[in-house]
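Chemist: This structure is in structure tokens; I'll ask about it shortly.
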Amino acid sequence: MSVITASTTHYLWSLQDVLGQGATASVFKARNKKSAGRGSLYFHTVFEEVASQTGVGIQQQRLMYLGHDLPLEGNMKVVNLPSTSQTQPLILLSSPAGANASLPFREPETSPVPPRFDLVADYSFSKATVGVVHQYKRIVQMLHTHRELLLQGFYTYMMKLHQECREAIHRIAMIAMRLQSCLTAQHRVSKLAPYSSEGPTLANNGQKLQLVHEHLPVYTAGVQDFHNRLERLQIEQAKLADTLANDKSRQRMEMLLQKITAIHQHYRKDRMTGKLAYNDEQIHKFEKIHLSSHIKKVKSVFREECVQRYKELLASTRAWSSTMMEIETRLQDLGSFSTGLLADLEMNEQHQNQALGRVLHTLQSERAEQQPGIAPKDREQMVSRMHHLREEMELLVRELQCNNNIIESLGAVNSSAALDPNPARPSTL
């Protein structure tokens with residue numbers, strides 16, 4: 001991985017390899033963006049430099065910026081690069097994933113503590129020790145920066161894969177909708193299959209659709225498994241990021257450097273004095289004991305805190321790289337499969353509609369063949385007469401129904417009148 005830092009609006013400062021092999025900075029000459037027409041730096045030079053420092057081939061280099069892929073061409077000018085910083089670096093991904101190379105650092109060597117009381121030797125030793133502790137401090141800062149960028153880079157990569165999981169779920173939902181439409185059309189066509197010669201073809205097509213329907217939950221479960229695995233990786237990343245945020249090794253190294261520097265300043269005064277009084281000599285010897293203790297603490301902080309935690313992070317990122325590359329590869333395969341399946345389902349739906357049209361046309365033809373010898377014009381006239389006759393029959397039925405209603409209502413009135421005795425009516429014997 002690499003980070004390209006751009007410090008100002010008009011100047012591109014450097015390409016610094018802080019996450020790959022070779023911790024040295026390759027500083028390119030600053031180019032003024034306003035006058036970049038002559039002698040501008042092109043990306044093919046950057047790609048070659050990254051390849052030489054990280055071992056990642058040009059074809060395998062993938063850049064991400066702010067969580068998104070950053071497509072760059074070799075003939076593009078570097079001045080077109082978006083503004084980057086330590087908090088917003090370019091992240092270099094390699095495919096296939098390889099082991100994250102650690103920074104090639106080496107623990108500084110310290111001279112042995114002078115066994116005897118000697119102002120000149122003690123002063124020289126303290127001076128050399130200050131320089132060595134400065135080296136320790138720089139390496140500690142470098143390892144801390146590397147840990148920050150590794151955690152930031154993998155977090156960005158995890159978020160990118162989370163987004164790809166959501167997109168995969170969306171594609172599966174689209175497939176489910178299209179599949180449901182195909183199954184509905186298949187059901188309509190299958191009802192007409194006995195009247196068509198396409199029965200075997202329709203049955204085979206229905207089996208394929210049913211197979212897709214059965215496997216669709218498997219795809220969803222697979223993407224959900226990817227999501228869960230990424231969640232677990234993100235929890236691990238968050239714990240390591242919290243550990244890094246609470247890491248006080250740089251502050252402790254700075255405090256030890258200040259104490260060692262203070263002893264060195266004292267030894268400098270002692271050397272300039274030349275001959276010390278008894279009490280000053282005892283203080284000098286006592287500070288040498290402190291100096292030796294501080295050196296041991298510097299080594300302890302470096303080995304047990306900085307280097308150990310750095311190695312633990314590298315071990316975690318190696319496992320993350322393998323898992324995330326596997327997830328990304330399978331998501332890419334699923335994306336290609338989903339695209340092809342959607343196209344197949346769309347074509348299948350078109351074929352179903354065409355088959356339905358052919359079946360209906362066949363049925364109409366068979367009905368027409370049941371009345372041979374009738375010309376098309378006569379057939380149309382006959383159909384028209386039948387429609388007219390049906391309308392007349394419907395009108396007649398409505399009239400009869402209306403008459404029946406009238407008769408029933410009148411019958412009900414007459415029945416009531418018959419049951420009601422009329423005193424004016426003469427009785428019959």
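Chemist: Consider all pairwise Cα distances in the stretch 300-347 and report the whole-number % of them above 14 Å. Don't jump to the answer; show the numbers that get you there.
Modeler: Numbers: 773 of 1128 pairs.
Here the long-distance tail beyond 14 Å is 69 percent of all Cα pairs in the stretch 300-347.
Chemist: Output wanted: per-residue J couplings in Hz (rounded whole) for the stretch 306-317, from phi through Karplus 6.51 cos²θ - 1.76 cosθ + 1.60, θ = phi - 60°, x for Gly and Pro.
Modeler: 5, 5, 4, 5, 5, 5, 5, 5, 4, 4, 5, 5
Chemist: Most exposed first by the Cβ proxy, i.e. fewest other Cβ within 10 Å, how do Ile295, Ile289 rank?
Modeler: Working: Ile295 20, Ile289 10.
Fewest-to-most ranking of Ile295, Ile289: Ile289, Ile295.
Chemist: If the limit is 25 Å between Cα atoms, which of Lys137/Lys296; Lys127/Lys299; Lys137/Lys160 go over it?
Modeler: Working: Lys137/Lys296 14 Å; Lys127/Lys299 17 Å; Lys137/Lys160 35 Å.
Over 25 Å Cα-Cα: Lys137/Lys160.
Chemist: Can you find, among His290, Leu331, Tyr157, the residue sitting farthest towards the positive end of the charge dipole of the stretch 119-366, where Lys and Arg contribute +1 and Asp and Glu -1 at Cβ?
Modeler: After comparing all options, I get His290.
Chemist: Related question: Quick one: 3J(HN,Hα) in Hz for the stretch 149-157, Karplus 6.51/-1.76/1.60 with θ = phi - 60°, rounded, Gly and Pro as x.
Modeler: With the stated coefficients, the stretch 149-157 comes to 5, 4, 5, 5, x, 5, 4, 4, 5 Hz.
Chemist: Working out 0.36 nm times the residue gap between Ala51 and Val113, then minus their Cα-Cα distance, what length gain in nm do you get to one decimal? Before the final figure, lay out the partial values.
Modeler: Numbers: separation 62, 0.36 × 62 = 22.32 nm, distance 4.39 nm.
Taking Ala51 through Val113 to full extension adds about 17.9 nm, to one decimal.
Chemist: Here's a follow-up. Please list, ordered by chain and number, the residues whose modelled amide H lies under 5 Å from the amide H of Tyr42; skip anything fewer than 5 residues away on the same chain.
Modeler: Under 5 Å from the amide H of Tyr42 lie the amide H atoms of Val78, each far enough along the sequence or on another chain.
Chemist: Short version: ³J(HN,Hα) in whole Hz for each residue of the stretch 131-142, in order, from phi by Karplus 6.51 cos²θ - 1.76 cosθ + 1.60 (θ = phi - 60°), x for Gly and Pro, what are they?
Modeler: Here the 3J(HN,Hα) series is x, 5, 5, 4, 5, 4, 4, 5, 5, 4, 5, 5 Hz.
Chemist: Rank these for me by crowding, Lys239, Lys160, going from fewest to most other beta carbons within 10 Å.
Modeler: Working: Lys239 11, Lys160 18.
In increasing order of surrounding Cβ atoms, one gets Lys239, Lys160.
Chemist: Under a 5 Å amide H to amide H cut-off, with H placed in plane at 1.01 Å, what residues pair with Leu93 once short-range neighbours are removed?
Modeler: Arg62, Leu63, Met64
Chemist: Treating the beta-carbon of each Lys and Arg as +1 and of each Asp and Glu as -1, no other charges, what is the dipole magnitude of the stretch 119-366 about its Cα centre, to the nearest 20 debye? Working shown, then result.
Modeler: On the way: 33 positive and 26 negative charges, 361 e Å.
Dipole size: approximately 1740 debye.
No value in this document is a laboratory result; all are computed from the given coordinates. All figures in this text were calculated on a predicted structure; none of them were measured in a lab. Don't worry about glycine lacking a Cβ; one is built from the backbone with ideal geometry, like all the others, and counts go over all protein chains shown.
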